[in-house]
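**Q** Handing you this structure, nothing more for now.
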Amino acid sequence: MNGHLAPKSLAIVGLLLVSFFATPAFGQDTGSENTSCCIETSFDLFLLEESSNGKLSPFENELSEEYEATVTAWQAGEVEVGTWEVIWGTEGEYPADTWSFTIPYLVEGAAGVTINATLDIRIGGSFYSGDSGINGVEPILNDEGFLEINVEVSSGSVNDGDKLEISLSINSLLFSNPTQEAGLTFKWGTEDSLGKVTGKMPLVDIRIKEASVTSGLVYFPIVLNSGFGGEMWSSSSGSFNLQGSPLTLSPIATPTESGVEVTFVWEMPDETDSGTYSTEFILSPQSGLEISVSKNHNIDVDDDGGSGGSYYPSSEPLRDSGSKISVEIDIEFEGDSIKKSIEISFDSAMSQWMRWGMDNIGNSSLDSNSWWKNLNSYSDSVATSHRNNGKVDDDELQALRSHITGSSSDMRSFMQNGLSLDIESILGINPVDLGPTEYKINMGGTRSFAAEEITIEIDTSYPIIENERQLLIENFIRNPSNNYWEELDVDLEISTSMLTGLGPVSAENIDFEHRRWIFLETININQENLDVDDNFRIEFLPSGNMAFSPLISAMLCVFALCIAIGMGLFLTRNRSSAPALISVISLGGLSLVIYVLGMPMQIVLAVVASSILLVFPISLVSPKSNSKNGSKKKLPKIECPACGTSNPVESDVRPLRIECSGCEVMLRIEE
């Protein structure tokens, strides 16, 4: 019997091997509900931070800042370029493999350099080392390129808490034709200067849990166990496909003891049937590495929390999944005070965090560093039946509103430590200096635990000081590196009355539209999809001078132009007035354009004043009027004593002889 089974067994083993090696090199797909990566697939650990305190990370999106270290031609002995490390949190075996180290270099002040370098790798208590030479021949580096070192790593095991450390040292350098500034510079930390080590290690374990159905929503929880906690989700790109189509609702991320649980939500259409649904989860911590896991779920659309149970996160949701924030500000400037209506809107992970937090006011099991512990004093104001019931009730909403209304420090704490927003950059003033302020929280279309948009409304006012710059808005993301916010929108409008001007406006790294009309002056900002790392700022300088208000300044301009036209006509009464009028009209048109475009009133009034000053020289050089075309001067006449004909005298020269036009007698005029 064994002889009959042996060929079949060999055939099965052969098919398994073929299917295993047929898996793409860039990812893994086990076809089951659990998978692990990456002891069969190589991945990169990127070099980050300063060389003295270096960090290793598998996440490509952390490549943001370039670092460098230089070894000069005059340094003797062994020189350590840098050490990079990470505390590993995924237990497992790692295979024997050749690890490759790559780092960009730049040769300066020399034609080239022969290098002898060593790379040491430490995994827990195991040490491995490799040299830059190949077959005993040291490489020669020219200009710029990449230094590569291979290290043979034997198989072993790594435990939770073990340190993975790599260290690059230069044993000797031999420069060719060096100068005083000769040196070899290594760079890392960005996509353009990409330093990395590539190997195989247990990186993450993925498990898809059973789905649950609640009120027409299906929840698909996925557990990511790794030593990188929530970063394994927030710093990676991921997707979840149901029957081959991606789910679009924002997933819910909650921390676990050994990683993070990410729950995807599917809103079932009305005519959805019960049955078996295929799902696939894909996680990509870096380019070229895709980890996929699939599972078939038996979904009963009428279950509504039956076998799987209703879904509600037991721990505080993570905020670092990259939400989108929108800030709308409507400002009325009244000369001596400012009124503001502010709306701060956000959805996705931050909305989930805020909904869960309000529903857990007074929860004694909150983590010690949870911001929501600040509201424990309001626990008595929340009905016991309302706590942890999966939705935000009126008393819970009132508790948060009372907390942030009670003192400016509590409001600042909520904005900065809770939402990671610098509220002073949004308000334009220290919250302590605000006048009467009203806060409202709009939960959107639902109060249940969801990712729908929440809007915080702030209505306030405060006095201003003349000739002191007033901040309209500046970058308000407090810590972009925490990944709480992915992008932001800003919509701002400030308007004045006809007797109040805004004064000069200055802006950095943000576009705005400044318009001045006769009855008001406005500034508008409408920026979408701003980068959270952008440093922008806009402010204005109110002067308090009524002459710079829209109405008074327009009246001054018209009055000055009328004076310029009158002076031009007066000075050119015996000359052509066209040049003077053309110059005044041109400068008047120019002043109108820069008036409407919101240029500083000093410039507008200067252009208008120049029209008056230019009238004088232009009038002096204007050509005299042509007597044939213009009005003729009335000439004196003399009567001929011979024939009585009246003859005009066209000259003032005396004595003067003229011929009579009637009898042709020569007449002499003495006086």
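The values are calculated or read from the model by the stated rules, or taken from the named source; none is laboratory data. Quantities reported herein were computed from a predicted structural model and do not represent experimental measurements. Here the Cβ is made from the backbone with ideal geometry for all residues, glycine too, and neighbour counts use every protein chain on show. For the accessible areas, the whole protein counts, side chains as well, though only heavy atoms, and no ligand, DNA or RNA atoms are used. Shrake-Rupley method; radii C 1.70, N 1.55, O 1.52, S 1.80 Å.
**Q** Residues being of a type in the set (Gly, Ala, Ser) and either surrounded by fewer than 20 Cβ atoms within 10 Å (Cβ to Cβ) or outside any helix (DSSP H, G or I) (or both): count how many of those fall in the range 336-363.
**A** Step one: filter the range 336-363 for residues of a type in the set (Gly, Ala, Ser), giving 337, 341, 345, 348-349, 351, 357, 362.
Add one more test, that the residue is either surrounded by fewer than 20 Cβ atoms within 10 Å (Cβ to Cβ) or outside any helix (DSSP H, G or I) (or both), and what stays is 337, 341, 345, 362.
The total comes to 4.
**Q** Continuing with this model, one more query. If I filter the range 324-335 down to residues being of a type outside the set (D, E, K, R) and within 20 Å of residue 505 (Cα to Cα), which single residue comes out as most open to solvent (accessible area, probe 1.4 Å)?
**A** Step one: of the range 324-335, the residues of a type outside the set (D, E, K, R) are 325-327, 329, 331, 333, 335.
With the extra rule that they be within 20 Å of residue 505 (Cα to Cα), the set shrinks to 329, 331, 333, 335.
On the way: 329: 7, 331: 0, 333: 6, 335: 25 Å².
Step by step, filter the range 324-335, then rank; the result is 335.
**Q** Then there's this: Sort out which residues of the range 158-194 are open to solvent by 20 Å² or more (accessible area, probe 1.4 Å) and part of a strand (DSSP E or B), and write them in order of number.
**A** Hits for the range 158-194 are 163, 165, 171, 172, 173, 174, 175, 176, 187.
**Q** Moving to a separate point now. Please name all residue pairs, on different chains or six or more residues apart, with Cβ atoms under 6 Å, provided the first residue is in the range 321-335 and is under 30 Å from residue 249 (Cβ atoms) and assigned to a strand (DSSP E or B) and the second residue is polar (S, T, N, Q) and open to solvent by 10 Å² or more (accessible area, probe 1.4 Å).
**A** The qualifying pairs are 323/348; 326/345.
**Q** Do we have any residue at all in the range 264-280 that's touching a Gly at 6+ places or on another chain (Cβ under 7 Å) and closer than 20 Å to residue 452 by Cα?
**A** yes
**Q** Okay, moving on. How about the range 91-117: which of its residues are more than 30 Å from residue 206 (Cα to Cα) and open to solvent by 20 Å² or more (accessible area, probe 1.4 Å)?
**A** 105, 106, 108, 109, 110, 111, 114, 116
**Q** When the residues of the range 53-79 are filtered to those that are open to solvent by 90 Å² or more (accessible area, probe 1.4 Å) and more than 19 Å from residue 196 (Cα to Cα), which remaining residue is modelled with the lowest pLDDT?
**A** By that ranking, first place goes to 76.
**Q** Of the conditions (1) open to solvent by 30 Å² or more (accessible area, probe 1.4 Å); (2) at pLDDT 85 or above; (3) touching a helix residue (DSSP H, G or I) at 6+ places or on another chain (Cβ under 8 Å), residue 321 satisfies every one except a single condition; which number is it?
**A** Tallying (1) open to solvent by 30 Å² or more (accessible area, probe 1.4 Å); (2) at pLDDT 85 or above; (3) touching a helix residue (DSSP H, G or I) at 6+ places or on another chain (Cβ under 8 Å), residue 321 fails exactly one: (2).
**Q** Working carefully through the options 481, 408, 448, find the one that is under 28 Å from the mean Cα position of the chain (by Cα), among the hydroxyl-bearing types (Ser, Thr, Tyr) and crowded, with 16+ Cβ neighbours inside 10 Å. Even if it seems obvious, please write down each step before you answer.
**A** On the way: 481 fails: crowded, with 16+ Cβ neighbours inside 10 Å; 448 fails: under 28 Å from the mean Cα position of the chain (by Cα).
Residue meeting the stated conditions: 408.
**Q** When you scan the range 490-504, do you find a residue that is more than 19 Å from residue 597 (Cα to Cα) and open to solvent by less than 20 Å² (accessible area, probe 1.4 Å), even just one?
**A** The answer is yes, given that some residue of the range 490-504 is more than 19 Å from residue 597 (Cα to Cα) and open to solvent by less than 20 Å² (accessible area, probe 1.4 Å).
**Q** Just to be sure before I move on: is residue 366 hydrophobic (A, V, I, L, M, F, W, C), modelled with pLDDT under 95, assigned to a helix (DSSP H, G or I) and open to solvent by less than 30 Å² (accessible area, probe 1.4 Å) in the structure I sent?
**A** So residue 366 fails the test.
**Q** Quick one: residue 417 ticks every box in (1) of a type in the set (S, T, N, Q); (2) over 30 Å from residue 504 (Cβ atoms); (3) buried (at least 16 other Cβ atoms within 10 Å of the Cβ) except a single one, so which number is it?
**A** Result: residue 417 passes all but (3).
**Q** Would it be correct to say that residue 411 is in contact with a strand residue (DSSP E or B) (Cβ under 6 Å, 6 or more places away or on another chain), in a helix (DSSP H, G or I) and under 29 Å from residue 529 (Cα atoms)?
**A** On the way: in contact with a strand residue (DSSP E or B) (Cβ under 6 Å, 6 or more places away or on another chain): no; in a helix (DSSP H, G or I): yes; under 29 Å from residue 529 (Cα atoms): yes.
Judged against the criteria, residue 411 is not a match.
**Q** If you don't mind, another one. What about residue 287, is it surrounded by fewer than 20 Cβ atoms within 10 Å (Cβ to Cβ), farther than 24 Å from residue 163 by Cα and touching a helix residue (DSSP H, G or I) at 6+ places or on another chain (Cβ under 7 Å)?
**A** Considered against the rule, which asks whether it is surrounded by fewer than 20 Cβ atoms within 10 Å (Cβ to Cβ), farther than 24 Å from residue 163 by Cα and touching a helix residue (DSSP H, G or I) at 6+ places or on another chain (Cβ under 7 Å), residue 287 comes out as yes.
**Q** I need the full set of residues from the range 172-202 which are over 20 Å from residue 150 (Cβ atoms) and basic (Lys, Arg), in order please.
**A** Selection gives 187 alone.
Per-residue answers, yes or no, for (1) charged (D, E, K, R); (2) over 25 Å from residue 366 (Cβ atoms):
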{"residue": "200", "(1), (2)": "yes, yes"}
{"residue": "232", "(1), (2)": "no, no"}
{"residue": "246", "(1), (2)": "no, yes"}
{"residue": "253", "(1), (2)": "no, no"}
{"residue": "263", "(1), (2)": "no, no"}
{"residue": "266", "(1), (2)": "no, yes"}
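**Q** Check every one of the strands (runs of 3 or more DSSP E) wholly within the range 554-671 and list those with 2 or more residues that are open to solvent by less than 40 Å² (accessible area, probe 1.4 Å).
**A** Hits in the range 554-671: 656-659, 666-669.
**Q** With surrounded by fewer than 20 Cβ atoms within 10 Å (Cβ to Cβ), of a type in the set (Ser, Thr, Tyr) and without any contact (Cβ under 8 Å) to a residue 24 or more places away in the chain as the only criterion, which of 272, 276 stands out?
**A** 276
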